[in-house]
Amino acid sequence: MSSVSELRIMLVGASGLTGQSVLRLLLADERVKEVHTPHRGPSSIDHPNLRPHPWQENPPRFDSLPDIPFDVVLCCLGTTLKKAGSRQAFQNIDRDAVLDLGAWARRRGVSRMLVISSAGSNPDSANFYLRTKGEMEAGLRLLKIPSITIFRPGLLLGNRKELRPAERLGQWALPLLSPLLRGPLLGWQGTPVETLARLMVARMFDPQSGFHVVENRDILDPGLKRS
C-alpha cells in the first residue's frame, strides 16, 4: 500500500452532486497522489493529479479500467427512478454497479472502500428505493474488503443542475425545521453535500478495519451524545 502522502484513488460517480465536491477536496489535498475518475464525455477539469478514464458502457464495466494498484475506492454512484427509466435500470446502477465495483476492488486488492447509500436503507424494506440500497449494502458486506465504510445521508442539499420538485421543497423547508430535528429525528434531516464530502475524505484518511455504517445523524453532528 502507498504511504499516506502517495494515495492513488479511484473515484466513481465524480460527475454527481456529491462526487464533484469529493473530487474538489481530493485534488486540493497534498496527501493525494492521483485521482482516477471514469466518466462519459470530455472532462471539464484540468489538474495534474487527475487521471480521467472515458468509457461508454452503461451500466459501467469496471474491468476496462487500468490495471494499476489503487489504495482507495470512493463510490458516489446514484440515480433516480425517473432518470433511470425503470426499476431494473435503477437497480442496475444503485445496486448492481456498486457491487460490481466492490468485486473489482476486491480482485485488485484494494484495502479501503467508501460508499454513499441512503438514510433508512434496509434490504427488507417495503420501499423499493430503500430496499435496493439495503441490498447493495448487504452485498458489499459479503465481499470482506478489509475496510468498508457506508454513509447514509438524508436528502442531499446542494446546487443541482436539475432540481426535482421534492428536492426543491426539501431544500426550502429543511433549514426552517433544522432546530426541531435533533436526536432520533436528526437521521432524517437533509444533508449538505459539502458536509458529506468532507466527512468521506476525512474517513478515507482514517480508515477502520471491518464494515462500518455512518448514519445521517453522525454525518451532520459527529459529536452528538446518544442515550
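Each reported figure results from applying straightforward, stated rules to the coordinates on display, with no laboratory input. Being a predicted model, the structure only gives us computed values, none of them experimental. Here Cβ is always computed from backbone atoms with ideal geometry, including for glycine, and neighbour counts include all displayed protein chains.
Where does the charge balance sit around VAL73 when Lys and Arg score +1, Asp and Glu -1, over other residues with C-beta under 11 Å from its C-beta?
+3
Fewest-first ordering of SER209, SER118 by other beta carbons within 10 Å of each residue's beta carbon gives SER209, SER118. In terms of its Cα atoms, the range 27-107 spans 41, 30, 21 Å along the principal axes, sorted from long to short.
Here the average projected area of the convex hull drawn through the C-alpha atoms of the range 1-160 stands at 9.4 nm².
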